[in-house]
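Engineer: Pasting a structure here, questions to come.
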């Protein structure tokens with residue numbers, strides 16, 4: 001089996017009496033693109049925040065990049081990248097200034113930074129915009145840049161929290177090209193999304209509902225298992241099953 | 001350390017690129033001080049008065065010229081007997097009218113006393129009170145010096161007034177400490193809370209929290225630039241006060257700067273506390289404006305004396321930090337007192353800073369849970 005980069009065992013997170021994550025168990029492997037799906041309020045953002053060290057679990061063991069999230073938070077943080085929904089660059093700074101700031105946080109040496117920045121700008125074909133303010137760039141560029149900055153320090157895992165909100169399918173597809181590229185370089189990608197077409201792009205997806213993981217497999221297997229034509233249908237079937245009353249339904253659970 | 005310098009670089013770029021922030025930090029202090037010092041002055045200067053002289057004799061002329069040469073009054077209208085006095089008030093031509101009755105000098109020489117009437121526009125009670133007491137003072141002074149010098153009066157008690165610490169009764173002396181408190185609150189507390197909640201709003205705070213930066217480093221990085229800028233502002237206000245308005249610094253300059261530093265720290269921790277509560281910039285700004293600026297102006301003793309407030313408000317004023325700072329600054333600048341006389345106020349400020357920092361840390365942890 002491949003190297004595990006995320007190990008979650010019996011993860012429980014409660015806010016008062018509300019259970020946001022109810023006994024989660026899953027592994028994510030190196031270089032994998034792992035889709036983390038669920039309706040709003042299903043608990044996926046909570047789980048992701050725990051994995052990033054932004055929040056601590058009520059109980060359970062979580063290992064990220066080989067380190068315990070509770071005891072070795074610092075080491076975990078050095079080895080992950082994070083991109084929030086609100087794509088996270090400073091609008092009033094230029095591309096170069098943003099990169100400089102984030103490299104500073106991760107302790108990247110200036111020489112290395114310069115070399116990597118040239119490569120990044122070339123790769124995204126935005127060399128001319130190096131000194132443009134982020135605020136003046138189109139949304140698609142911003143998102144690609146935010147992703148590139150999130151993996152600038154070569155993390156083992158990058159967490160993307162609904163990274164493609166509000167952009168058209170073509171831009172989204174281009175964004176996914178970047179994700180594939182990162183995955184090819186061995187970076188594990190952990191992504192939450194609303195878009196079911198994006199779920200198809202993942203190597204494996206987990207679907208959460210009301211704090212529990214209801215399904216976890218490759219998109220292909222899930223579609224077969226639920227005899228659905230696409231991920232959208234899989235998602236709906238899971239959601240309906242869970243919402244059905246506790247009485248045993250005549251057809252049984254799928 | 002390198003991380004930290006990089007952080008500061010970024011913070012200063014934010015500040016220097018945002019015209020609104022620049023105006024608040026560098027424009028407002030100067031404008032405020034000029035406004036309060038020059039325009040909203042409560043000192044009386046060149047108040048317009050009318051003279052209704054029904055006897056036109058030597059004494060009334062001398063008194064009139066005394067009044068007009070005092071610098072407090074200018075003659076706006078000479079009224080004629082029978083003219084409607086109220087009319088000139090209603091038209092706003094004068095603030096006060098001095099009315100000498102007929103045969104003023106004659107009556108005065110004969111009876112040794114005579115009345116002069118002062119009519120003042122009390123729709124602005126403060127000004128009316130000040131104008132009448134100034135005019136009364138000048139007239140009495142004249143009578144004493146010019147008319148009674150040869151007459152031996154029976155035992156008499158002369159009241160001699162000396163205004164200590166602000167002999168010229170200049171209101172700018174009162175405003176400089178208040179404006180300092182207000183500006184430092186504005187920049188330290190409001191700007192910090194806005195700039196931290198902006199990071200929350202933009203999602204960049206999460207990214208930093210997910211990075212190897214420690215929360216304390218993030219907070220220090222956000223706060224340090226404002227600490228520096230506030231300190232520069234405190235200096236600017238003091239220098240303007242001293243060199244433009246002639247406010248003295250009788251006490252120790254070092255102590256003054258030390259106390260200002262303490263007040264800035266207190267305001268910064270308050271700003272951090274606000275940012276842990278406010279979800280976005282708008283809320284942070286409203287909390288700062290309504291919760292900090294208004295009480296600073298109204299309840300700190302900056303403009304309205306605390307002793308004249310109703311008891312409940314006097315009690316509330318105790319939790320307004322500028323209240324204590326203003327006392328400290330007035331003591332050091334105007335009275336020249338040392339730490340021995342202001343240690344109580346200083347302790348209050350220290351206690352407030354510690355409380356705000358403790359509350360911020362507690363709130364911050366809850367948010368991370």
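Engineer: Of the residues in segment B:240-254, how many are in a helix (DSSP H, G or I) and under 16 Å from the mean Cα position of the chain (by Cα)? Quick ask: steps written out before the conclusion?
Structural biologist: Within segment B:240-254, the first condition is being in a helix (DSSP H, G or I), and the residues that meet it are B:240-243, B:253-254.
Those still in the list that are under 16 Å from the mean Cα position of the chain (by Cα) too: B:240-242.
Residues meeting the conditions: 3.
Engineer: Give A:155, A:163 a once-over and let me know the one that is at pLDDT below 90, touching a strand residue (DSSP E or B) at 6+ places or on another chain (Cβ under 9 Å) and not in a strand (DSSP E or B).
Structural biologist: Values: A:155 fails: at pLDDT below 90.
Of A:155, A:163, the one residue that is at pLDDT below 90, touching a strand residue (DSSP E or B) at 6+ places or on another chain (Cβ under 9 Å) and not in a strand (DSSP E or B) is A:163.
Engineer: Just name the residue that is surrounded by the most Cβ atoms within 10 Å (Cβ to Cβ) out of those in segment A:57-85 that are facing another protein chain (nearest Cβ under 7 Å) and out of contact with any helix residue (DSSP H, G or I) (no Cβ under 6 Å at 6 or more places or on another chain). Outline the logic, then answer.
Structural biologist: To start, the set of residues in segment A:57-85 that are facing another protein chain (nearest Cβ under 7 Å) comprises A:74, A:77-78, A:80, A:82, A:84-85.
Filter again for out of contact with any helix residue (DSSP H, G or I) (no Cβ under 6 Å at 6 or more places or on another chain), leaving A:74, A:77-78, A:80, A:85.
Details: A:74: 12, A:77: 25, A:78: 17, A:80: 28, A:85: 16.
So the residue we want is A:80.
Engineer: Among B:237, B:303, which is in a loop (DSSP other than H, G, I, E, B) and surrounded by 15 or more Cβ atoms within 10 Å (Cβ to Cβ)?
Structural biologist: Selected residue: B:303, the only one of B:237, B:303 that is in a loop (DSSP other than H, G, I, E, B) and surrounded by 15 or more Cβ atoms within 10 Å (Cβ to Cβ).
Engineer: Take the conditions within 9 Å of chain B (Cβ to nearest Cβ), surrounded by 19 or more Cβ atoms within 10 Å (Cβ to Cβ) and in contact with a helix residue (DSSP H, G or I) (Cβ under 7 Å, 6 or more places away or on another chain) and apply them to residue A:121. Does it pass?
Structural biologist: Working: within 9 Å of chain B (Cβ to nearest Cβ): no; surrounded by 19 or more Cβ atoms within 10 Å (Cβ to Cβ): yes; in contact with a helix residue (DSSP H, G or I) (Cβ under 7 Å, 6 or more places away or on another chain): yes.
No.
Engineer: Does residue A:107 satisfy being in contact with a strand residue (DSSP E or B) (Cβ under 8 Å, 6 or more places away or on another chain), closer than 30 Å to residue B:1 by Cα and surrounded by fewer than 17 Cβ atoms within 10 Å (Cβ to Cβ)?
Structural biologist: Values: in contact with a strand residue (DSSP E or B) (Cβ under 8 Å, 6 or more places away or on another chain): no; closer than 30 Å to residue B:1 by Cα: yes; surrounded by fewer than 17 Cβ atoms within 10 Å (Cβ to Cβ): yes.
Judged against the criteria, residue A:107 is not a match.
Engineer: Which of the residues that make up segment A:86-117 are touching a helix residue (DSSP H, G or I) at 6+ places or on another chain (Cβ under 9 Å) and more than 10 Å from chain B (Cβ to nearest Cβ)? Steps first, please.
Structural biologist: Here is the first cut: in segment A:86-117, the residues touching a helix residue (DSSP H, G or I) at 6+ places or on another chain (Cβ under 9 Å) are A:86-110, A:112-113, A:116-117.
Within segment A:86-117, A:95, A:96, A:99, A:108, A:112, A:113, A:116, A:117 qualify.
Engineer: Based on what the data block shows, is residue A:26 at pLDDT 90 or above, surrounded by 20 or more Cβ atoms within 10 Å (Cβ to Cβ) and closer than 16 Å to residue A:191 by Cβ? Reasoning before the result, please.
Structural biologist: Numbers: at pLDDT 90 or above: yes; surrounded by 20 or more Cβ atoms within 10 Å (Cβ to Cβ): no; closer than 16 Å to residue A:191 by Cβ: yes.
Here the answer is no, as residue A:26 does not meet what is asked.
Engineer: I would also like to ask the following. Somewhere in segment B:191-198, is a residue surrounded by fewer than 18 Cβ atoms within 10 Å (Cβ to Cβ), away from every other protein chain (no Cβ under 14 Å), assigned to a helix (DSSP H, G or I) and touching a helix residue (DSSP H, G or I) at 6+ places or on another chain (Cβ under 8 Å)?
Structural biologist: Within segment B:191-198, the subset surrounded by fewer than 18 Cβ atoms within 10 Å (Cβ to Cβ) is none.
The answer is no; no qualifying residue exists.
Engineer: Residues that are over 30 Å from residue B:27 (Cα atoms), at pLDDT below 85 and not assigned by TED's automatic domain parsing to the domain that holds residue B:295: which helices (runs of 4 or more DSSP H) entirely in segment B:83-184 hold 2 or more of them? Let's see the steps before the verdict.
Structural biologist: Working: elements: B:85-90, B:104-111, B:125-142, B:171-184.
Hits in segment B:83-184: B:104-111, B:125-142.
Engineer: Within segment B:80-102, can you find the residues that are in contact with a helix residue (DSSP H, G or I) (Cβ under 9 Å, 6 or more places away or on another chain) and within 20 Å of residue B:136 (Cα to Cα)?
Structural biologist: B:94, B:95, B:96, B:97, B:98, B:99, B:100, B:101
Engineer: Here's another thing I want to ask about it. Helices (runs of 4 or more DSSP H) wholly in segment A:42-118 with at least 1 residues that are within 28 Å of residue B:197 (Cα to Cα) and over 14 Å from the mean Cα position of the chain (by Cα) - which ones? I'd like the intermediate steps shown before the answer.
Structural biologist: Numbers: elements: A:44-51, A:73-78, A:95-105.
In segment A:42-118, A:73-78, A:95-105 are the helices (runs of 4 or more DSSP H) which contain 1 or more residues that are within 28 Å of residue B:197 (Cα to Cα) and over 14 Å from the mean Cα position of the chain (by Cα).
Engineer: Quick one: residue A:156 ticks every box in (1) away from chain B (no Cβ under 13 Å); (2) more than 21 Å from residue B:212 (Cβ to Cβ) except a single one, so which number is it?
Structural biologist: (2)
Engineer: Another question, if that's okay. Taking segment B:108-124 as the search range and keeping residues that are free of Cβ contacts under 8 Å to residues at least 40 places away in the same chain and under 14 Å from residue B:55 (Cβ atoms), which one is surrounded by the most Cβ atoms within 10 Å (Cβ to Cβ)? So that I can check it myself, show each step before the final result.
Structural biologist: First pass over segment B:108-124, keeping only residues free of Cβ contacts under 8 Å to residues at least 40 places away in the same chain: B:109-115, B:117-124.
Checking which are under 14 Å from residue B:55 (Cβ atoms) leaves us with B:109-110, B:114-115, B:117.
Values: B:109: 13, B:110: 10, B:114: 19, B:115: 10, B:117: 11.
The qualifying residue surrounded by the most Cβ atoms within 10 Å (Cβ to Cβ) is B:114.
Engineer: Residue B:289 is checked against (1) exposed (fewer than 14 other Cβ atoms within 10 Å of the Cβ); (2) over 19 Å from residue B:181 (Cα atoms); (3) under 18 Å from the mean Cα position of the chain (by Cα) and fails just one. What number does that condition carry?
Structural biologist: It is condition (2) that residue B:289 fails.
Engineer: Test residue B:228 against the criterion of being more than 19 Å from residue A:89 (Cβ to Cβ), more than 14 Å from chain A (Cβ to nearest Cβ) and modelled with pLDDT of 90 or more, and give yes or no. Break it down into steps so the answer makes sense when it comes.
Structural biologist: Working: more than 19 Å from residue A:89 (Cβ to Cβ): yes; more than 14 Å from chain A (Cβ to nearest Cβ): yes; modelled with pLDDT of 90 or more: yes.
Taking the combined requirement at face value, the residue satisfies it.
Engineer: When you look at residue A:133, is it surrounded by fewer than 19 Cβ atoms within 10 Å (Cβ to Cβ) and within 10 Å of another protein chain (Cβ to nearest Cβ), yes or no?
Structural biologist: Values: surrounded by fewer than 19 Cβ atoms within 10 Å (Cβ to Cβ): yes; within 10 Å of another protein chain (Cβ to nearest Cβ): yes.
The answer is yes for residue A:133.
Engineer: So, one more: Of all residues in segment A:212-225, which are over 19 Å from the mean Cα position of the chain (by Cα) and surrounded by fewer than 18 Cβ atoms within 10 Å (Cβ to Cβ)? Quick ask: steps written out before the conclusion?
Structural biologist: Going through segment A:212-225, the residues over 19 Å from the mean Cα position of the chain (by Cα) turn out to be A:220-225.
Within segment A:212-225, A:220, A:221, A:223, A:224, A:225 qualify.
Engineer: State whether one or more residues within segment B:269-283 are over 20 Å from the mean Cα position of the chain (by Cα), part of a helix (DSSP H, G or I) and closer than 18 Å to residue B:326 by Cβ.
Structural biologist: Start the filter on segment B:269-283 by keeping residues that are over 20 Å from the mean Cα position of the chain (by Cα), which leaves B:269-283.
Cutting the leftovers down to part of a helix (DSSP H, G or I) gives us B:269-277, B:281-283.
Keeping just the survivors that are closer than 18 Å to residue B:326 by Cβ gives B:270.
Within segment B:269-283, one or more residues are over 20 Å from the mean Cα position of the chain (by Cα), part of a helix (DSSP H, G or I) and closer than 18 Å to residue B:326 by Cβ.
Engineer: Turning to a different aspect of this structure: Given the options B:28, B:15, B:24, name the one that is in contact (Cβ under 8 Å) with a residue 60 or more places away in the chain and within 14 Å of chain A (Cβ to nearest Cβ). Give the steps one after another, and end with the answer.
Structural biologist: Details: B:28 fails: within 14 Å of chain A (Cβ to nearest Cβ); B:24 fails: within 14 Å of chain A (Cβ to nearest Cβ).
Unique residue meeting the criteria: B:15.
Engineer: Run residue B:269 past the list (1) farther than 27 Å from residue B:204 by Cβ; (2) surrounded by 20 or more Cβ atoms within 10 Å (Cβ to Cβ) and report the number of the one that doesn't hold.
Structural biologist: Checking residue B:269 against (1) farther than 27 Å from residue B:204 by Cβ; (2) surrounded by 20 or more Cβ atoms within 10 Å (Cβ to Cβ), the one that fails is (1).
Engineer: Among the residues of segment A:4-23, write down those that are surrounded by 21 or more Cβ atoms within 10 Å (Cβ to Cβ) and over 18 Å from residue A:209 (Cβ atoms).
Structural biologist: A:5, A:6
Engineer: Restricting to segment A:192-216, what's the tally of residues that are touching a helix residue (DSSP H, G or I) at 6+ places or on another chain (Cβ under 7 Å) and in a strand (DSSP E or B)?
Structural biologist: 8
Engineer: Only one of (1) touching a helix residue (DSSP H, G or I) at 6+ places or on another chain (Cβ under 9 Å); (2) away from every other protein chain (no Cβ under 11 Å) fails for residue B:48. Which number is that?
Structural biologist: Going through (1) touching a helix residue (DSSP H, G or I) at 6+ places or on another chain (Cβ under 9 Å); (2) away from every other protein chain (no Cβ under 11 Å) one by one, residue B:48 breaks only (1).
The values are calculated or read from the model by the stated rules, or taken from the named source; none is laboratory data. All values reported here derive from a predicted model rather than from experimental measurement. Backbone-built Cβ (ideal geometry, glycine too); neighbour counts: all protein chains shown.
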